[in-house]
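A short write-up of the structure that comes next.
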Amino acid sequence: MPPGPRGESPTRTTSASTGGRLPDPLTSTLVSAQPSSIVEQCRRAKAAARKLAPMPRAARDAALRGIAAGLRQRAEALLEANAEDVAAGRARGTNEALLDRLVLNPKRVEEMAHAVEEIAGQDDPLGHVLSEWTRPDGLRIRRVAVPIGVIAMIYEARPNVTADASALCLKAGNAVVLRGGSEAARSNFTILGVVHDALTKAGLPRDAVQMLPPGDRAAIAELLHQTDTVDLAIPRGGDALLRYVRENARVPVIAHAAGVCHLFVDAGADVEMATRIAVNAKLQRPGTCNAIECLLVDAGDASRLLPPIAAALLEGGCELRGDERTRALVARAIPATDDDWGHEYVDRILAVRVVDGIDGALDHIARYGSGHTEAICTRNPAHAERWRHEVDAACVVVNASTRLHDGGQVGMGAEIGTATSKLHWRGTMGAQGLTTFQWVLDGDGQLRT
């Protein structure tokens, strides 16, 4: 993932009448996000959340369909804004894998719109009776899904997060205060204009989706201190951002942390399948958090398995950093250092290690994994079952790519991120993960004695 927040220049929000675009040049209109304005925005979000929570599903879904339509209608303006963000990123020397997270094209804009439509078509996450029973005195007890309230979404680089987070929070009846990075500022504010227009047309409060200017870390800290108004903070980005949020938050946090994902190729594995999985998991989009950062191969079969897998990765432009046993089989691998284990490259670089069987793989992951996604390629049902039960990660994968641990791929339409913490949600997080519950007690005059 991209590095944490730097000394970014804050910027001014624009009205929906401008399509959410930032005036040009960007630097001529920058104003500081004062703490008082953040407090006020969070208060407005809290008031909007109260209005939004009882709204029927039809109204919330109408807003989502309006967002999807608006993304398509304003695609040209969005692509122009994004081109400016990308050009600025290249001028800063951002590497291509990280730029890939920022870039929008017609296909990706359509995917954003389609994802929002998919969210609209999902079952309502609110109002479900999660459990119920009746006491001997006739008191009816129910546990019912309800919105969390106000979500603070703090993220970097990827403008699709603006659309996804807005749609998922609205679907679950929450207000959201967005704080994206300066690298995607023009794209994000263009998307915000689309969202605000859709809210207005659907009769929902515009303050249900707000965006803080991308300023310095003091603005993030101020947002994380709003214990009276913000119910949950979700950081999504690099280690520096996540660490800063954890250290400064006074509100509850669900961490969407680094993706140090592994693929273990077991002895006896189908080498063709293992090769396809490794190449997809590493090279399809190396800048994503569900791309593998380390390949583990069973020493008992490494001489058969590793050379063809390594050849395919090298042919795809991947640099391999291997331990001694790896380099004995792959001449083009460069020596790995201790820093390569547990490192998130978000680039065409892969650590490779030959391990002593499944126990060696499990030990390595227990020490170096980030709790995101861990995969095994195996023909051994017993080893597959051990993987499912012994790996401590948000998602375990058997004979498939780690890239499939994604909201869109598992049928959620989109995700607000991948939670690597264990409370109250874990793994890819959609609208259902943005709900909590309340107890509902229905009686007929019962008293406690």
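The values are calculated or read from the model by the stated rules, or taken from the named source; none is laboratory data. Predicted model only: the values in this text are computed from it and were never measured. Cβ placement follows ideal geometry from the backbone for every residue including glycine, while neighbour counts extend to all protein chains displayed. Heavy atoms of the whole protein, side chains included, go into the accessibility calculation; ligands, DNA and RNA do not. Shrake-Rupley method; radii C 1.70, N 1.55, O 1.52, S 1.80 Å.
Being under 21 Å from the mean Cα position of the chain (by Cα), acidic (D, E), open to solvent by less than 30 Å² (accessible area, probe 1.4 Å) and under 26 Å from V346 (Cα atoms) is a description that applies to D85.
So for segment 229-246 (the condition being open to solvent by 10 Å² or more (accessible area, probe 1.4 Å), in contact (Cβ under 8 Å) with a residue 12 or more places away in the chain and more than 18 Å from the chain's Cα centre (by Cα)), does at least one residue qualify? Yes, that holds for at least one residue.
Checking each residue in segment 409-425 for being within 11 Å of the chain's Cα centre (by Cα) and either in a loop (DSSP other than H, G, I, E, B) or among the charged types (D, E, K, R) (or both) picks out A414, E415, I416, T420. Only one of the numbered conditions (1) open to solvent by 20 Å² or more (accessible area, probe 1.4 Å); (2) among the acidic types (D, E); (3) within 24 Å of V86 (Cβ to Cβ) is violated by E222, and that is (3).
Applying the condition of being hydroxyl-bearing (S, T, Y) and not in a helix (DSSP H, G or I) to segment 357-395 and asking which residue is nearest to C261 (Cα to Cα) yields T373. Return a yes/no flag: does segment 197-212 have any residue that is modelled with pLDDT under 95 and either under 23 Å from N82 (Cβ atoms) or not hydroxyl-bearing (S, T, Y) (or both). Yes, the conditions are met somewhere in segment 197-212.
Residues in segment 307-336 that are part of a loop (DSSP other than H, G, I, E, B) and open to solvent by 40 Å² or more (accessible area, probe 1.4 Å): G317, A331, R332. If we scan segment 166-184, do we find a residue that is over 20 Å from the mean Cα position of the chain (by Cα) and open to solvent by 10 Å² or more (accessible area, probe 1.4 Å)? Taking every residue of segment 166-184 in turn, none turns out to be over 20 Å from the mean Cα position of the chain (by Cα) and open to solvent by 10 Å² or more (accessible area, probe 1.4 Å).
Of all residues assigned to segment 388-408, at least one qualifies as being touching a residue at least 12 places away in the same chain (Cβ under 8 Å), within 30 Å of E272 (Cβ to Cβ) and hydroxyl-bearing (S, T, Y).
Each residue in segment 219-260 was checked for being closer than 22 Å to G342 by Cα and not hydrophobic (A, V, I, L, M, F, W, C), and 11 of them qualify.
Looking across segment 367-397, just one residue is of a type in the set (A, V, I, L, M) and surrounded by fewer than 13 Cβ atoms within 10 Å (Cβ to Cβ), and that is A382.
For segment 120-137, the condition of being assigned to a helix (DSSP H, G or I) and either open to solvent by less than 20 Å² (accessible area, probe 1.4 Å) or of a type in the set (S, T, N, Q) (or both) holds for at least one residue.
Residue-wise test of (1) β-branched (V, I, T); (2) open to solvent by less than 10 Å² (accessible area, probe 1.4 Å).
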position	(1), (2)
G417	no, yes
M429	no, yes
G433	no, yes
L441	no, no
Q446	no, no
T449	yes, no
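Kindly indicate whether any position in segment 337-355 is without any contact (Cβ under 8 Å) to a residue 24 or more places away in the chain, under 23 Å from V271 (Cβ atoms), open to solvent by 10 Å² or more (accessible area, probe 1.4 Å) and outside any loop (DSSP other than H, G, I, E, B). Scanning segment 337-355, I find no residue that is without any contact (Cβ under 8 Å) to a residue 24 or more places away in the chain, under 23 Å from V271 (Cβ atoms), open to solvent by 10 Å² or more (accessible area, probe 1.4 Å) and outside any loop (DSSP other than H, G, I, E, B), so the answer is no.
Restricting to segment 396-406, and then to whatever is assigned to a helix (DSSP H, G or I) and out of contact with any Cys (no Cβ under 8 Å at 6 or more places or on another chain), can you tell me which residue is nearest to D340 (Cα to Cα)? Residue satisfying both the conditions and the ranking: R403. Which of the residues belonging to segment 150-165 are more than 18 Å from A255 (Cα to Cα) and either among the hydrophobic types (A, V, I, L, M, F, W, C) or open to solvent by 10 Å² or more (accessible area, probe 1.4 Å) (or both)? N160, A163 - these are the residues of segment 150-165 that are more than 18 Å from A255 (Cα to Cα) and either among the hydrophobic types (A, V, I, L, M, F, W, C) or open to solvent by 10 Å² or more (accessible area, probe 1.4 Å) (or both).
Restricting attention to segment 92-110 and to residues that are part of a helix (DSSP H, G or I) and either modelled with pLDDT of 95 or more or among the hydroxyl-bearing types (S, T, Y) (or both), the residue that is most open to solvent (accessible area, probe 1.4 Å) turns out to be K107. Residues considered: V260, V209. Of these, the only one that is crowded, with 24+ Cβ neighbours inside 10 Å, farther than 30 Å from R72 by Cα and touching a residue at least 40 places away in the same chain (Cβ under 8 Å) is V260.
Matching residues to (1) closer than 30 Å to V410 by Cβ; (2) touching a residue at least 40 places away in the same chain (Cβ under 8 Å); (3) touching a Phe, Trp or Tyr at 6+ places or on another chain (Cβ under 9 Å):
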{"site": "I292", "(1), (2), (3)": "yes, yes, no"}
{"site": "A302", "(1), (2), (3)": "no, yes, no"}
{"site": "L305", "(1), (2), (3)": "yes, yes, no"}
{"site": "I309", "(1), (2), (3)": "yes, yes, no"}
{"site": "E324", "(1), (2), (3)": "no, no, no"}
